[in-house]
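Data block below; observations after.
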Amino acid sequence: MTVAIFDHNEKNLLLQHSVTALLHLAQRRGACLHKLLHGTQIFEQDLSRPDSRCHHRDWLTLLGRCQQLASPELPFILADALLHNPALALSQSLPKAPHLAGCLRQLWYFRHQMLPGVFTLVQHTEQYRVLLLKPALQLGPQQGFILNLAMALLVQLIQHHTGRGNNLRVQLKQAAPSHPAQISSYWPCPVSFGQPVDALYIPHELWFQPWPEHHAGEFRAYRRACYQLNRRLPRQRGLFEILQRQLYRTMPATLSLEQAASLLGCSSSSVKRLLQQQGSSYAALADDLRCDLATLLLCQGKLSNKQLASQLGYSDEHNFRRAFKRWTGNVPSSLRLPVS
Amino acid sequence: MWQQHLDKLTLAAVLLLAALLLALQLGDVKSWAAIDWLDILGEGIVLAVALSWLTLNLLNRPAGRVTDWLYYGSLLLSCSFALDLLDEFLRYPAHVRTMSWLESVPAPLGMLALTYGLMGWHQEQRQINRQLRGRERFLRDHRLLDPLTQLYGLDYLYAVLNRELALHQQQRLPLSILMLDIDQFAAFNRQHGTAAGDNYLISLAELLSSQMRESDVICRYAGDRFVAVLVHTEQAAAEIIALHLQQQLQRLTAAGQTLHCSVACIQATQTQATAVLKQAELALRASKLRGARPVYQPGHGNL
């Protein structure tokens, strides 16, 4: 295993990368610094040091406190601050990428330096490449906020560099806000709330459209800086992410818990225990993944239940149909219409 | 208030009169020397207090369950005390027990009824306090304030606008909406950082509050968009205010630049806040198109 697993107790976030930006935003919105930091292991003097870090748990605590500020713009402004953070070589490198594909590859590879709590799976459809955003570990009540943040970050990036953000499509799991007018100006594209998946639909033609600010030399220089940072901040992935990516890779065959554990280099009982600590289980993760994929495939409206069943590793369509009903409470045909 | 209690007042008067007649019928007047004036003073005061409870209750409270209990309680007490006072003047024959019964039985019953009524009053007041608190929250809740600009947010805007629209429609007065949007704010944020953007929003909110009239309600509509509800204002007057605002905004600089803002105003014709705001958004888009500014060029300072 080249990539280490991290959990909530890992000190894997540099304060300068995201935490200070969040704290500044919250303070300008009337939050009190010592109340925000109360109970966390972040101290005020750490904030000015360039290499101090915090636990992933503290990041979630801070996000939870900032969510209570009644400022619906916060995830969007925070995404803006992350994308233009001068202390973060990764975000400096992104505008210099040759095209969207190069930019997203860079963001994907170094994502632990910006948002370690989120990972993506890519699906292809006729018109779109679909990025499925998923939590890399248990994010608790902050999951909606973090996925909204990641989605806003991607959409802003694409809108700014291609100018064609209106061609995107966004699906979010979170419930529709009470006043859509408050945030509608932040989404250049149609957004549907209360969906079964968090997904970003990017049209194929945007992927290799050259970017105006592309600069090969600077891009390389920034990438070198990112690699150097990797020495201090090694690549780590959340447990959910590692397991779900393994499951995704072996689909349609089903990867048993024992096989997954041996891939991670530990016993199945310790994987079970680690998952239990995060309030989840191996079967739940597998179901979650299959449910998301089934939803995406159904929305394309091309495949029959039989084909879906074989793609997702079910023995026949009846089993698939029954499982789908268990996940969503609906029969597969209810989703088969193209999403409006 | 007392008009709705006429029947209760009449009943009280009739009862007291009946008690007086009954007492006069049964007893005969004492001789002057046998009257104890000190007793009369004490019992007179007690009767006066009971009667004042009765009248205060009926003067101040609307009809209802709690009022009834308080009324019957104080009525029974008054009757009992009135008979008590009367027997200082009259002597009843020893074999008639009616008067002594009538004197002593209603007093404790009245006390009980009064206490029960007071308990009801306590509960009623708690409910009213809760209701009042709810109404206050609706009108002045700090949680409806936008934490950054300290202006009211969308919840408040919808509530106020719906109420004002209904009121203005009723009185046939004009109501205008002014919508202001910062042009190229996302680009400004990108170039100068979110801190500069936030500071600009704060100073813009301060400028709006100082330059608009006292009666205008200013709210933060979305990230870089503000709405003012101009009460008793016609379109022409609103446009003068908008022009004045545009001039004042020229003085507002952020990071060495003056940002351009688009302003649109409309006179409300619909009755729903959402419809009116949609109309204002359309007007704003039209005014943006009319005064299409050059595209933001970082570093040129042409905004």
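Any read-out appearing in this document is the output of simple, stated calculations on the displayed coordinates, not a laboratory observation. For clarity, every value in this text was computed on a predicted model and none was experimentally measured. Neighbour counts are summed over all protein chains in view; Cβ atoms, including those assigned to glycine, are modelled from backbone coordinates with ideal geometry.
Quick rundown of the values:
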read-out	value
Net charge, A:I42 excluded, C-beta distance under 10 Å - Lys, Arg +1, Asp, Glu -1	-2
Three-way shape label, the range B:142-290, alpha-carbon gyration tensor, a/c 1.5	prolate
Neighbouring partner chain Cβ atoms per residue of A:178-186, average, 10 Å criterion	6
Shielding by partners, peptide B:145-153 (average Cβ within 10 angstrom, other chains)	4
Average beta carbon contacts from partner chains per residue of A:74-81, 10 Å cutoff	3
At 0.890 mPa s and 25 °C, Stokes diffusion of the protein assembly as shown via Kirkwood alpha-carbon radius, µm² per second	80 µm²/s
Formal net charge of residues neighbouring A:R224 (Cβ-Cβ distance under 13 Å; K, R +1; D, E -1)	+3
Alpha carbon Rg of chain A, scaled by the compact-globule rule 2.2 N^0.38 Å	1.01
Residue with peak Gaussian network fluctuation, chain A [Cα springs, cutoff 10 Å], from A:G279, A:G238, A:G313	A:G279
Sequence-distant lysines (8 or more away, or on other chains) whose Cα lies within less than 17 Å of B:K278	B:K288
Stokes-Einstein D for the range A:34-106, Kirkwood Rh over Cα pairs, 25 °C, 0.890 mPa s (µm²/s)	169 µm²/s
Gyration tensor (alpha-carbon) shape descriptor, the range A:211-253, a/c threshold 1.5	oblate
Measure of compaction for the range A:252-335 (Cα Rg per 2.2 N^0.38 Å)	1.23
Three-way shape label, the range A:83-145, alpha-carbon gyration tensor, a/c 1.5	oblate
Dipole in debye (nearest 20) - chain B, about Cα centre, beta carbon charges: Lys, Arg +1; Asp, Glu -1	1300 debye
For the range A:9-61, size of Cβ-based charge dipole, Lys and Arg +1, Asp and Glu -1, in debye	180 debye
Column: log10 I(q)/I(0), Debye, Cα scatterers of the range A:72-232, q = 0.10, 0.14, 0.15, 0.17 Å⁻¹	-0.35, -0.70, -0.81, -1.05
Dipole in debye (nearest 20) - the range A:72-232, about Cα centre, beta carbon charges: Lys, Arg +1; Asp, Glu -1	580 debye
For the range A:66-105 and the range A:271-303, distance of Cα centres in Å	28 Å
Rg to Rh, two decimals, where chain B supplies the alpha carbon set and Rh follows Kirkwood	1.40
Sparse-neighbour loop sites [GluC sites (Glu not before Pro); the range A:191-292; at most 16 other C-beta within 10 Å; DSSP]	A:E213
Nonlocal amide H pairs with A:A4, under 5 Å, H built at 1.01 Å	A:R237
Note, ³J(HN,Hα) from phi for the range B:147-154, Karplus 6.51, -1.76, 1.60, rounded to Hz, x at Gly and Pro	x, 7, 9, 6, 9, 6, x, 5
